[in-house]
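Participant: Okay, here's the structure, questions in a sec.
The values are calculated or read from the model by the stated rules, or taken from the named source; none is laboratory data. Owing to the predicted nature of the structure, the values given are computational and were not obtained by experimental measurement. Here Cβ is always computed from backbone atoms with ideal geometry, including for glycine, and neighbour counts include all displayed protein chains.
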Amino acid sequence: MNNYQAHPTAVIDEGAKIGNGTKIWHFSHIMSGAVIGEDCNIGQNVVISPKVSLGNNVKVQNNVSVYTGVTCEDDVFLGPSCVFTNVLNPRSFISRKDEFKPTLVKCGASIGANATILCGITIGEYAMIGAGAVVTKNVPAFALVVGNPGRQVGQVDKEGNTIPA
């Protein structure tokens, strides 16, 4: 028996795995083959695609689509309307499902509202991606990344406080 909560408007496909204590809010869709850990919070209007893996205590804010190929480790924060991609050169008339590039968001990392994460990227442990940043390359652990294209402008500690240079 699963011990999670889902709003009546949420759609949870057969074959999705959802951990104990997880909450899924209005109009969200958890697709078959998705794996969500324990004590996660899945906000309103979120899509979790097949083969996505979310660790324990992951917070996904409203209007986020987490596409196939994305793995988020424990304690990751995905801010409102942040965006993941999974194909480098998409075309509607060419199927590239066999070309999905994996994206890894490591333990404790935070991604700000409206940030865009290109596929094939690794975001290091406890890194902080600023709101609206466009991340085009790997991000080191504890890095503070902002702008378009995203660039490291500093470091943060485990609690997310900036560390003086």
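Participant: Just the residues that are crowded, with 19+ Cβ neighbours inside 10 Å, closer than 18 Å to ASP75 by Cα and β-branched (Val, Ile, Thr), please, taken from the range 1-50.
Facilitator: If the condition is that a residue be crowded, with 19+ Cβ neighbours inside 10 Å, closer than 18 Å to ASP75 by Cα and β-branched (Val, Ile, Thr), then ILE18, THR22, ILE24, ILE36, ILE42, VAL46, ILE48 are the ones that fit.
Participant: Can you tell me which residue among VAL83, VAL64, VAL58 is more than 12 Å from ALA115 (Cα to Cα), modelled with pLDDT of 95 or more, of a type in the set (Val, Ile, Thr) and within 11 Å of the chain's Cα centre (by Cα)?
Facilitator: VAL58 is the lone residue from the list that is more than 12 Å from ALA115 (Cα to Cα), modelled with pLDDT of 95 or more, of a type in the set (Val, Ile, Thr) and within 11 Å of the chain's Cα centre (by Cα).
Participant: Sticking with this structure for a sec: Let me confirm something: among ILE36, ILE111, which residue is touching a Ser or Thr at 6+ places or on another chain (Cβ under 6 Å) and on the phi < 0 side of the Ramachandran plot?
Facilitator: ILE36
Participant: Can you pull out the residues in the range 85-124 that are closer than 24 Å to LEU144 by Cβ, assigned to a loop (DSSP other than H, G, I, E, B) and among the hydroxyl-bearing types (Ser, Thr, Tyr)?
Facilitator: Residue satisfying the conditions is THR85 alone.
So that you can scan it fast, the table gives a plain yes or no per residue for (1) within 19 Å of GLY43 (Cα to Cα); (2) free of Cβ contacts under 8 Å to residues at least 40 places away in the same chain:
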site: ASP75; (1), (2): yes, yes
site: GLY79; (1), (2): yes, no
site: LEU88; (1), (2): no, yes
site: VAL134; (1), (2): no, yes
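Participant: Out of all the residues in the range 6-15, is one or more part of a loop (DSSP other than H, G, I, E, B) and under 19 Å from CYS119 (Cβ atoms)?
Facilitator: no
Participant: Right, another one. Looking at the range 125-152 only, could you name the residues that are assigned to a loop (DSSP other than H, G, I, E, B), aliphatic (A, V, I, L, M) and under 19 Å from LYS59 (Cβ atoms)?
Facilitator: ALA127, ALA131, ALA133
Participant: Here is a follow-up. Within the range 71-90, is there a residue that is surrounded by fewer than 14 Cβ atoms within 10 Å (Cβ to Cβ), over 15 Å from ALA141 (Cα atoms) and touching an Asp or Glu at 6+ places or on another chain (Cβ under 8 Å)?
Facilitator: For the range 71-90, residues surrounded by fewer than 14 Cβ atoms within 10 Å (Cβ to Cβ), over 15 Å from ALA141 (Cα atoms) and touching an Asp or Glu at 6+ places or on another chain (Cβ under 8 Å): present.
Participant: Scan the range 138-159 residue by residue and report those that are under 14 Å from GLY108 (Cβ atoms) and either free of Cβ contacts under 8 Å to residues at least 24 places away in the same chain or surrounded by 13 or more Cβ atoms within 10 Å (Cβ to Cβ) (or both).
Facilitator: Answer for the range 138-159, where residues must be under 14 Å from GLY108 (Cβ atoms) and either free of Cβ contacts under 8 Å to residues at least 24 places away in the same chain or surrounded by 13 or more Cβ atoms within 10 Å (Cβ to Cβ) (or both): VAL139, PRO140, ALA141, PHE142, ALA143, LEU144, GLN155, VAL156, GLU159.
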